[in-house]
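Working notes, structure below.
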Amino acid sequence: MDGAYKMEDRTSLVKGAQDIAKEVKRQTVKKVNKTVDKAQDGYTQRSYNRFQGEEDDEYYTEGGHYDGEANEDEGSSEATEGHDEDDEIYEGEYQGIPNTAQNKDGMAALGEPKRDDYKDRRELETERKADEEELAQQYELIIQECGHGRFQWALFFVLGMALMADGVEVFVVGFVLPSAETDICIPNSGSGWLGSVVYLGMMVGAFFWGGLADKVGRRQSLLICMSVNGFFAFLSSFVQGYGFFLFCRLLSGFGIGGAVPVVFSYFSEVLAREKRGEHLSWLCMFWMIGGIYASAMAWAIIPHYGWSFSMGSAYQFHSWRVFVVMCALPCVSAVVALTFMPESPRFLLEVGKHDEAWMILKQIHDTNMRARGQPEKVFTVNRIKTPKQIDELIEIDNDTGTWYKRCYVRVQINADFLNVFQIWLTFMRCFSYPVKDNTTKLAAVWFTLSFGYYGLSVWFPDVIKHLQADEYATRRKTFEFEKVTDINFNFTLENQVYSNGMFINDRFTMMKFKSVTFEDTLFKSCYFEDVTTLSTYFRNCTFMDTKFFNTDLEPYKYSGSRFINCTFEHNKTGCQISFDDDYSAYWIYFVNFLGTLAVLPGNIVSALLMDRIGRLTMLGGSMILSGISCFFLWFGTSESMMIGMLCLYNGLTISAWNSLDVITVELYPTDRRATGFGFLNALCKAAAVLGNLIFGSLVVITKAIPILLASTVLVCGGLVGLRLPDTRTQVLM
């Protein structure tokens with residue numbers, strides 16, 4: 001009897017448990033349907049409100065917490081794991097990306113949109129565009145919560161070193177050229193190639209590294225390009241042949257070409273909107289510091305040949321090579337410091353790496369909060385919108401797809417990162433809607449500003465050199481029909497001309513000829529020993545019974561001369577450096593130092609006013625004022641006046657450069673920001689080469705053409721710049 005009751009109770013218990021399980025299952029399905037519908041409706045409503053220009057408080061509650069996709073009905077669900085009963089967020093809590101795979105089976109039943117596999121590319125791109133617009137708004141709020149502090153300043157100095165290396169590279173070739181062309185025997189026809197190949201390398205490098213930064217990341221691209229620059233810049237200081245030296249400087253320029261586009265793209269993506277213009281302008285100061293550093297090092301090192309050494313006659317390491325090594329130090333310092341910096345979180349979100357981006361943003365937040373003395377303040381963001389990834393059409397989740405499909409996709413993705421064709425496709429997107437018009441206008445502004453700036457930058461020093469040469473020529477002494485007999489010359493002869501003279505039984509020992517010309521002169525029974533010459537020539541002269549011992553008199557210095565019963569012993573072969581007696585040695589460095597230092601006031605003004613008066617006003621106003629200032633060159637009749645005009649011109653144009661850098665990074669979206677900037681910077685280098693050629697050929701003609709040409713292109717470029725969209729109040733798209 002008792003057994004029957006027990007059996008009946010057990011049967012009732014099992015039946016009751018089954019009824020409870022069915023009811024729980026029914027309630028669970030109902031709850032999931034309600035949750036998904038509510039989350040989707042809330043997400044759509046927030047997106048609509050965001051794009052209609054309403055308040056940005058949708059993502060955060062009054063307490064500053066990110067409201068994400070919180071659901072009051074899910075207090076105990078997996079989506080809120082880590083919360084307590086009062087729904088407070090723990091320090092360091094991270095929800096991660098929701099696993100969408102677990103709801104795939106129920107999505108069709110719940111009326112969700114069709115899967116990506118069945119959508120065409122246009123639909124995917126439309127969805128991605130909407131995701132990117134929402135991400136831009138949300139990312140701005142996140143950066144504001146992270147604050148501006150220790151992390152941004154640390155990255156500021158690291159990237160500043162990279163930008164400083166770019167400024168050094170521009171000045172290096174001009175400073176070492178006078179010494180290098182004599183030390184490694186650069187012919188006159190090849191000296192112009194040295195400056196051109198550096199700009200050619202920078203032009204190609206800007207385009208390549210900028211495109212690569214949009215594929216593999218800002219930090220990785222910058223690390224590689226700076227390493228290439230540092231290695232070949234350091235190697236160029238040791239090579240002896242002109243061809244190898246040219247090759248090293250070409251690759252050095254190729255490496256440093258990526259510094260400007262990647263640095264500005266990188267730094268702009270960790271700055272809030274109200275800080276971006278000012279701090280990008282402060283970053284531009286490092287380019288000026290690089291120019292000052294190069295000028296100071298050249299001034300202190302190159303003229304001092306006591307710092308050189310030799311290893312036999314085959315290897316010479318002169319002071320200009322020490323200068324090249326010193327100029328590689330900013331690049332090496334930047335590479336070392338970059339290894340401690342994280343990738344741009346904005347780039348990581350763009351390529352769908354949500355977890356890595358969240359960790360870096362949390363690092364930025366915690367670093368800044370600790371520096372403020374608020375270590376207890378918690379990073380409240382738990383989920384960030386990531387744009388739809390449309391390049392990977394095969395799922396590579398662990399629970400879907402086959403192993404060979406997953407391997408194929410991973411190999412294909414890694415191969416695309418180094419595929420130049422992919423960079424070209426990204427570049428072509430810079431000429432598609434909605435950035436096509438902006439790219440065209442920016443190209444015009446970059447070209448005109450670079451053409452006018454670099455053209456006049458070459459024209460100014462050349463004009464100063466011509467003024468110096470004219471003044472030097474006025475002090476030249478001329479001797480005609482002089483007869484000099486039995487004289488021992490053991491001192492320097494400088495800036496003299498001898499014509500139709502006679503030197504009989506004279507000795508020229510342990511002496512130097514500097515800018516001395518002998519024309520139709522007879523040398524009979526003379527002796528030349530340990531003679532060094534600079535700009536010295538013997539034209540149509542006659543040498544009889546004369547001996548030459550240990551001299552550097554090359555055949556090209558004896559134009560039209562005759563030798564009768566003469567001997568040459570132990571002639572100096574190769575090129576001999578005689579720069580220590582050049583009257584313009586220190587002057588060249590001093591002029592460049594002043595011209596570079598003159599941009600300091602312009603840098604300070606642009607940084608303080610960039611966010612107050614706007615980028616466009618500063619860009620257009622600076623270029624127009626620079627064009628007007630060109631007309632003051634009419635009054636440059638002396639060296640001091642030309643130097644003053646050079647300083648004024650550089651001080652006015654620097655504001656245009658700073659504002660143009662800021663506008664460029666703000667007008668391009670993240671997926672093509674570095675590519676667009678790299679293309680424009682490459683165009684800048686091409687305009688610089690063209691300006692050097694055109695303005696350099698006009699030095700000895702007239703002042704009118706360079707003045708009118710520079711003024712016209714600068715004013716036209718400034719007017720085009722005023723037509724660009726104002727980016728002062730927009731988020732970084």
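The values are calculated or read from the model by the stated rules, or taken from the named source; none is laboratory data. The model shown is predicted, which means the values in this text are computed figures rather than measured ones. Note: ideal-geometry Cβ built from the backbone for every residue, glycine included; neighbour counts use all protein chains shown.
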Selection within segment 610-641 - more than 23 Å from the chain's Cα centre (by Cα) and of a type in the set (A, V, I, L, M, F, W, C)
I613, I624, L625, I628, C630, F631, F632, L633, W634, F635, M641
Members of segment 446-498 found to be in contact with an Asp or Glu (Cβ under 7 Å, 6 or more places away or on another chain) and in contact (Cβ under 8 Å) with a residue 40 or more places away in the chain, listed by number:
I464, L467, Q468
Note: among L732, L714, just one is crowded, with 20+ Cβ neighbours inside 10 Å and not in a helix (DSSP H, G or I), namely L732
Check on E343, modelled with pLDDT of 85 or more, on the phi < 0 side of the Ramachandran plot and of a type in the set (D, E):
yes
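Conditions tested, residue by residue: (1) of a type in the set (S, T, N, Q); (2) surrounded by fewer than 24 Cβ atoms within 10 Å (Cβ to Cβ); (3) touching a strand residue (DSSP E or B) at 6+ places or on another chain (Cβ under 8 Å).
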site: P669; (1), (2), (3): no, yes, no
site: G678; (1), (2), (3): no, no, no
site: L683; (1), (2), (3): no, yes, no
site: L690; (1), (2), (3): no, yes, no
site: L693; (1), (2), (3): no, yes, no
site: T702; (1), (2), (3): yes, yes, no
site: L709; (1), (2), (3): no, yes, no
Flag if G691 is more than 25 Å from V260 (Cα to Cα), part of a helix (DSSP H, G or I) and not assigned by TED's automatic domain parsing to the domain that holds F254:
no
Can you give me the number of residues within segment 567-596 that are crowded, with 17+ Cβ neighbours inside 10 Å and modelled with pLDDT of 70 or more?
7
Could you check how many residues of segment 625-641 are surrounded by fewer than 19 Cβ atoms within 10 Å (Cβ to Cβ), closer than 18 Å to L594 by Cβ and aliphatic (A, V, I, L, M)?
1
Considering residues that are surrounded by 18 or more Cβ atoms within 10 Å (Cβ to Cβ) and in contact with a helix residue (DSSP H, G or I) (Cβ under 6 Å, 6 or more places away or on another chain), the number found within segment 224-234 is 7
Considering W282, W299, W209, which residue is in contact (Cβ under 8 Å) with a residue 60 or more places away in the chain, surrounded by 24 or more Cβ atoms within 10 Å (Cβ to Cβ) and assigned to a helix (DSSP H, G or I)?
W209
Tell me, which residue of segment 212-243 that is assigned to a helix (DSSP H, G or I) and among the polar types (S, T, N, Q) is nearest to I256 (Cα to Cα)?
N229
Can you spot a residue in segment 657-667 that is in contact (Cβ under 8 Å) with a residue 24 or more places away in the chain, under 23 Å from the mean Cα position of the chain (by Cα) and farther than 21 Å from T440 by Cβ?
yes
Regarding segment 551-566, can at least one residue be identified that is of a type in the set (D, E, K, R), crowded, with 17+ Cβ neighbours inside 10 Å and either touching a helix residue (DSSP H, G or I) at 6+ places or on another chain (Cβ under 8 Å) or on the phi > 0 side of the Ramachandran plot (or both)?
no
Which of the residues belonging to segment 217-264 are small (G, A, S) and in contact with a Phe, Trp or Tyr (Cβ under 6 Å, 6 or more places away or on another chain)?
G217, S221, S236, S252, G258
For M502, only one of the following conditions fails: (1) under 50 Å from the mean Cα position of the chain (by Cα); (2) without any contact (Cβ under 8 Å) to a residue 24 or more places away in the chain. What is its number?
(1)
Determine if segment 642-654 includes at least one residue that is crowded, with 19+ Cβ neighbours inside 10 Å and closer than 24 Å to G205 by Cα.
yes
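Conditions tested, residue by residue: (1) closer than 17 Å to G717 by Cα; (2) among the small types (G, A, S).
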{"site": "A598", "(1), (2)": "no, yes"}
{"site": "P601", "(1), (2)": "no, no"}
{"site": "L616", "(1), (2)": "yes, no"}
{"site": "S626", "(1), (2)": "yes, yes"}
